[in-house]
Amino acid sequence: MSGNTPAFKVAIEEKDLTSVVSARLINLTLTLCRGDDSDQLDISLDDSDGKLALPPRGAKIALALGWRAGGLVDMGRFTVDEVEHAGAPDTVTLRARSANLIDTFKQQQERSFHNTTLGAIIDVIAFQNELASGVSPRLRDTVIKHIDQTHESDAAFLRRLGKKYDAVATVKNDKLLFIPINQSRTASGQALPVIAITRALGDGHRYHSAESDSYTGVRAFWHDERYARRRSVVAGVPGNSKRLRTTFASEPDARTAAVGEWQRIQRGLATFEMTLALGNPAVFPQSPVTVTGFKPEIDATEWLSTKVTHSLGGNGFTTRVEFETKTEAVEAEREDEKDPDEGITGVLAKWKDVVTKKTGQQQAGREAALKTLAHLYKSKHSAKRAAKLEWSKIKEVRDIIRENSDAPSKPEDTGADDL
C-alpha cells in the first residue's frame, strides 16, 4: 500500500537531489541526541556505475523524513564532515552532523562572567561561535553573580553549566540551545506533543529498573557569609542523602546543585528502549511518551525520549527510541539549625497484624528517651523499617548540625565542576 511507503527529501546546498539519492540509496540512518553529542546523518549510496560525484566536506544537507501518505517531517540541516568511497561493489558514504563545531568552539578559553544571567552567557558563547542562541525562558533570567571559565573549551563550559542547572546544551540547525533536561518543550517554549506508543507498534523492547534505597535525597552545603558558617539544603528527604563535595558560595547555588543531582538520580531509576517496526518521524529527543501493552510498571511510568535513531533501507523505515524516567520538578529545603528531637535516644514503632491479631512494637536506638511514631503499622517488618528509617533521619540531622558547626568558615573553590 502506498500509505505504508517510506518517503524522504534530500537537498544538498539547497539543490533537491531526492531522485538521485532514492535511486541509489542503500541505507539512511539519522541519530538524534539530546545532549552535547551532535545529531548524525549517515547516507550510503550505490556507485557501482562510477557516476556519483563526491560532495565536498562542509556541504549542507537538508533532510525531511516520513511516510508518503502522512507527509514529511523536517529533520533539520547537517554539515558533511566525512566522505568515504569503498568497493567493490563501489559505494559512497556521507556522514554529516548537525553541530557547526568550528575550531573556536573547541579551543580553551580564559574569562569570567560577573553579575549577569545564564541567558546572557549562552548568548555570548553562541555569538562568538557564529551561532544563533535559544535559551529556555525558565533558565534565561537565572542570575549568576560570578562564574569562571578557566582553561576550558566552550563545549566543556556548557557541559558544566548543563550539569549545574540540570539542562542540556546542544547545537541544532546552527543554533545553540540550552534547555532543562526534564522540559518537553522547544527553546522557544512550544510544547512537544505526547507520543503514544502501543506494544503492537514495536519490533522489540528492553526495560531495566535499578530502583534501590541507596539514596533518599541529595544534600548540598553552602557558606553563610553573614554568620561565617556552613549550612545545608536537601532535595528529596533526609535519611540517606548523597552529599555533594563542594561547599557552594550561596544558598541558591546549593539549591540548584541539590535539585539537579536528585533529578539525575531519579531519572536513572528505570530505562526503556524500543524499536518501532513502522518508523515515527514525529519522535524527537525530549518528546514525552506514554506506552501501553507492557507490564503495569512500564505502562504507568512517564517516559522521556533521550535518543532517537531513524533508519531507512532494505528493512523499511524503523525508529529506535531510548527513554528515561520523566521526573517532576522538586525543591530543595534548608536543613534544621537546631535539633528538633533534642534529647531523643531512640524511636518506637507499634504494629498490629489484622489477620493474626498479634500486636507488638519495634525499637531503633536506645530506650532512655523514645520517640513514638503515631502510625500503627500492619506488620512487624514494616514497623521495624519505619523505626529504623526515622532514627536514621534523626541521627543524620544531628550529624549535619554538628558538621556545620565544626565546618570551615570559607567556601571551597567552585570554579571546577565537582558534583
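The values are calculated or read from the model by the stated rules, or taken from the named source; none is laboratory data. None of the values given here were measured: they were computed from a predicted structure. All Cβ positions, glycine included, derive from the backbone under ideal geometry; neighbour counts span all protein chains shown. To get the accessible areas, we keep the full protein, side chains included, count just its heavy atoms, and leave off ligands, DNA and RNA. Shrake-Rupley method; radii C 1.70, N 1.55, O 1.52, S 1.80 Å.
Return yes when Lys60 is more than 30 Å from Asn182 (Cβ to Cβ), open to solvent by 40 Å² or more (accessible area, probe 1.4 Å) and out of contact with any strand residue (DSSP E or B) (no Cβ under 9 Å at 6 or more places or on another chain) and no when it is not.
So Lys60 fails the test.
Check whether at least one residue in the range 38-49 is over 26 Å from Ala282 (Cβ atoms) and open to solvent by less than 30 Å² (accessible area, probe 1.4 Å), and report yes or no.
So in the range 38-49, the residues over 26 Å from Ala282 (Cβ atoms) come out as 45-49.
Now restrict to residues that are open to solvent by less than 30 Å² (accessible area, probe 1.4 Å): 45, 47.
There is at least one residue in the range 38-49 that is over 26 Å from Ala282 (Cβ atoms) and open to solvent by less than 30 Å² (accessible area, probe 1.4 Å).
How many residues are open to solvent by less than 30 Å² (accessible area, probe 1.4 Å), of a type in the set (Val, Ile, Thr) and over 21 Å from Phe284 (Cα atoms) if we restrict to the range 136-170?
Summing the residues that are open to solvent by less than 30 Å² (accessible area, probe 1.4 Å), of a type in the set (Val, Ile, Thr) and over 21 Å from Phe284 (Cα atoms) in the range 136-170 gives 2.
Which of (1) open to solvent by less than 70 Å² (accessible area, probe 1.4 Å); (2) within 21 Å of Ala277 (Cβ to Cβ) does Arg68 not meet, given it meets every other one?
(1)
If you take the residues of the range 275-298 that are hydrophobic (A, V, I, L, M, F, W, C) and over 17 Å from Leu312 (Cβ atoms), which of them is surrounded by the most Cβ atoms within 10 Å (Cβ to Cβ)?
Ranking the qualifying residues of the range 275-298, first place goes to Val291.
Quick check on the range 120-134: of everything there that is open to solvent by less than 10 Å² (accessible area, probe 1.4 Å) and in contact with a Ser or Thr (Cβ under 7 Å, 6 or more places away or on another chain), which residue is modelled with the lowest pLDDT?
For the range 120-134, the residue satisfying everything is Asn129.
Residues to consider are Thr356, Thr301; find the one that is farther than 30 Å from Gly202 by Cβ, open to solvent by less than 80 Å² (accessible area, probe 1.4 Å), out of contact with any Cys (no Cβ under 7 Å at 6 or more places or on another chain) and not in a strand (DSSP E or B).
When all the criteria are applied, what remains is Thr356.
Among the listed residues Val80, Val21, identify the single one that is more than 28 Å from Glu324 (Cβ to Cβ), part of a helix (DSSP H, G or I) and open to solvent by less than 70 Å² (accessible area, probe 1.4 Å).
The unique qualifying residue is Val21.
Inside the range 171-206, can you point out the residues that are at pLDDT 85 or above, open to solvent by 50 Å² or more (accessible area, probe 1.4 Å) and among the hydrophobic types (A, V, I, L, M, F, W, C)?
Selection gives Val194, Ala196, Ala200, Leu201.
Please work out which residue is modelled with the highest pLDDT, limiting yourself to the range 360-413 and to residues that are among the β-branched types (Val, Ile, Thr) and under 30 Å from Glu225 (Cβ atoms).
Ile394
Among strands (runs of 3 or more DSSP E) lying entirely in the range 85-154, which contain 2 or more residues that are aliphatic (A, V, I, L, M) and under 21 Å from Ile61 (Cα atoms)? Give the derivation first.
Details: elements: 91-97, 108-117, 132-135, 143-153.
Correct list: 91-97.
Which members of the range 383-405 meet the condition of being more than 15 Å from Thr216 (Cα to Cα), open to solvent by less than 60 Å² (accessible area, probe 1.4 Å) and in contact with a strand residue (DSSP E or B) (Cβ under 7 Å, 6 or more places away or on another chain)? Full working, then the answer.
Looking only at the range 383-405, we keep the residues that are more than 15 Å from Thr216 (Cα to Cα), and these are 383-384, 387, 398-405.
Those still in the list that are open to solvent by less than 60 Å² (accessible area, probe 1.4 Å) too: 383, 387, 398-401, 404.
Answer for the range 383-405, where residues must be more than 15 Å from Thr216 (Cα to Cα), open to solvent by less than 60 Å² (accessible area, probe 1.4 Å) and in contact with a strand residue (DSSP E or B) (Cβ under 7 Å, 6 or more places away or on another chain): Ala383, Ala387, Ile400, Asn404.
Out of the residues in the range 212-260 meeting the condition of being acidic (Asp, Glu) and not in a helix (DSSP H, G or I), tell me which one is least open to solvent (accessible area, probe 1.4 Å).
The selected residue is Asp224.
Yes/no per residue for (1) of a type in the set (A, V, I, L, M, F, W, C); (2) free of Cβ contacts under 8 Å to residues at least 40 places away in the same chain; (3) on the phi > 0 side of the Ramachandran plot:
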position	(1), (2), (3)
Pro56	no, yes, no
Lys60	no, no, no
Gly70	no, no, no
Val73	yes, no, no
Glu84	no, yes, no
Glu110	no, no, no
